[in-house]
Amino acid sequence: MNFRPGVLLALLLAVGALAVAAGVLTGSTGLASLRDDGMALILWEIRLPRSLGAWCAGALLGMAGAISQGLFRNPLADPYLLGSASGAQLAVAIALALTGVSAQHSSLLASLGLTGIAFVGTLAGVGLTLVLARGVEQTLRLLLAGVVVGVVLNALTNLATLWAPDILRAMQAFLLGNTGLLGWNSVAVMAACGVMALVVGLLASPALDALTLGEFTAASLGVQLPAVRLLLIFAFALSTGAAVAQTGIVAFVGLVSPHLVRTLCPTLHGWLILLSAAAGGALLLAADVIARTVIRPQELPVGLVTALVGGIYLLILMHRRGAPGK
């Protein structure tokens, strides 16, 4: 079934709104009552910003996935392609290893800001990839540089955890995704970054449409490929960095969201970026609601839920496309 872009956007936003309501009303103790003053404070100061933050993080990852897949003309590209996730996790590992996780160091870590450290690590990973690729002129060189940077930074992260094994538990929470610490400040930061990245993505969407015909054709149509690549890398690095800094590594959302949109509504990149953001927000928020209710009063890491759901969806999609007549 194919939807019109406007209809699908309205549907995805409605699903997201319902998921926000479910996230506000559902917690480790079951359905909440609005008549309890103490519970009302929990709803509006903890669960509502957590739910909105989860939607924003998913929207950032979905948008980044659509931009990266269009930029590299690769349906398997995801927001973590250019070393962004590897840079973030290395920065977090180094920060935890240097400051420790004991009480006497907690104030230092709080003043530095773990989310800010992760964001700087993301930008550093992407920057290192750009340096190794000698700019943005060659797509293949960028991809190879991203793979190399990811492998090297992951190895350094493992060395950091071996050097300071006490940080393993904190690193596990970061690597598996965590929405439990999202607040109103997180929502504001991700919303601001999302608006900036969305504006860049929409302005550059005609260039992405031209790139689907090939780099030479796009250049013949007047697309300034180096400038466009640099802007788009900035957009999806900003989106990825903001999401990873606030929620850790959340798998598959950035990869699955554009595929889901293309399945429901084949469209040009302008609509694809917008719809992928709405789809990513709905997916991550739904996964967050599932993660905190399926084994309550405990919570599953949200990254586990997205990995399971996203992996199953991609397997079904591969099976359907591989069947005769598809």
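The values are calculated or read from the model by the stated rules, or taken from the named source; none is laboratory data. A quick note: this is a predicted structure, and the numbers were derived from the prediction, not measured. Here the Cβ is made from the backbone with ideal geometry for all residues, glycine too, and neighbour counts use every protein chain on show. These area figures cover heavy atoms from the full protein model, side chains too; ligands, DNA and RNA do not enter into them. Shrake-Rupley method; radii C 1.70, N 1.55, O 1.52, S 1.80 Å.
Tell me, yes or no, whether the stretch 259-266 has at least one residue that is open to solvent by 30 Å² or more (accessible area, probe 1.4 Å), under 24 Å from A88 (Cβ atoms), assigned to a helix (DSSP H, G or I) and modelled with pLDDT of 90 or more.
Within the stretch 259-266, none of the residues are open to solvent by 30 Å² or more (accessible area, probe 1.4 Å), under 24 Å from A88 (Cβ atoms), assigned to a helix (DSSP H, G or I) and modelled with pLDDT of 90 or more.
In the stretch 260-279 there is at least one residue matching the filter, namely being under 10 Å from L60 (Cα atoms) and polar (S, T, N, Q). Taking every residue in the stretch 208-221 that is surrounded by 13 or more Cβ atoms within 10 Å (Cβ to Cβ) and pairing it with any residue that is hydroxyl-bearing (S, T, Y), at least 6 positions away or on another chain, the pairs with Cβ-Cβ distances below 8 Å are A210/T217; E215/T139. If you go through the stretch 172-207 and pick out every residue that is polar (S, T, N, Q) and open to solvent by less than 10 Å² (accessible area, probe 1.4 Å), you end up with 1. Restricting attention to the stretch 143-171, the residues that are at pLDDT below 85 and either out of contact with any helix residue (DSSP H, G or I) (no Cβ under 7 Å at 6 or more places or on another chain) or open to solvent by 50 Å² or more (accessible area, probe 1.4 Å) (or both) total 4.
For (1) open to solvent by 30 Å² or more (accessible area, probe 1.4 Å); (2) part of a loop (DSSP other than H, G, I, E, B); (3) at pLDDT 90 or above, each residue gets a yes or a no:
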residue	(1), (2), (3)
V256	no, no, yes
W271	yes, no, yes
L274	yes, no, yes
L285	no, no, yes
Q298	yes, yes, no
Y313	yes, no, no
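Would you confirm whether any residue within the stretch 222-241 is of a type in the set (D, E, K, R) and closer than 30 Å to L98 by Cα? Within the stretch 222-241, none of the residues are of a type in the set (D, E, K, R) and closer than 30 Å to L98 by Cα. Elements of the type helices (runs of 4 or more DSSP H) sitting completely within the stretch 28-118 and holding at least 1 residues that are open to solvent by 20 Å² or more (accessible area, probe 1.4 Å), at pLDDT below 85 and at negative phi: these cover 37-42, 84-99, 103-112. All of (1) open to solvent by 40 Å² or more (accessible area, probe 1.4 Å); (2) of a type outside the set (F, W, Y); (3) closer than 25 Å to V250 by Cβ; (4) without any contact (Cβ under 8 Å) to a residue 40 or more places away in the chain hold for L128 with one exception: (4).
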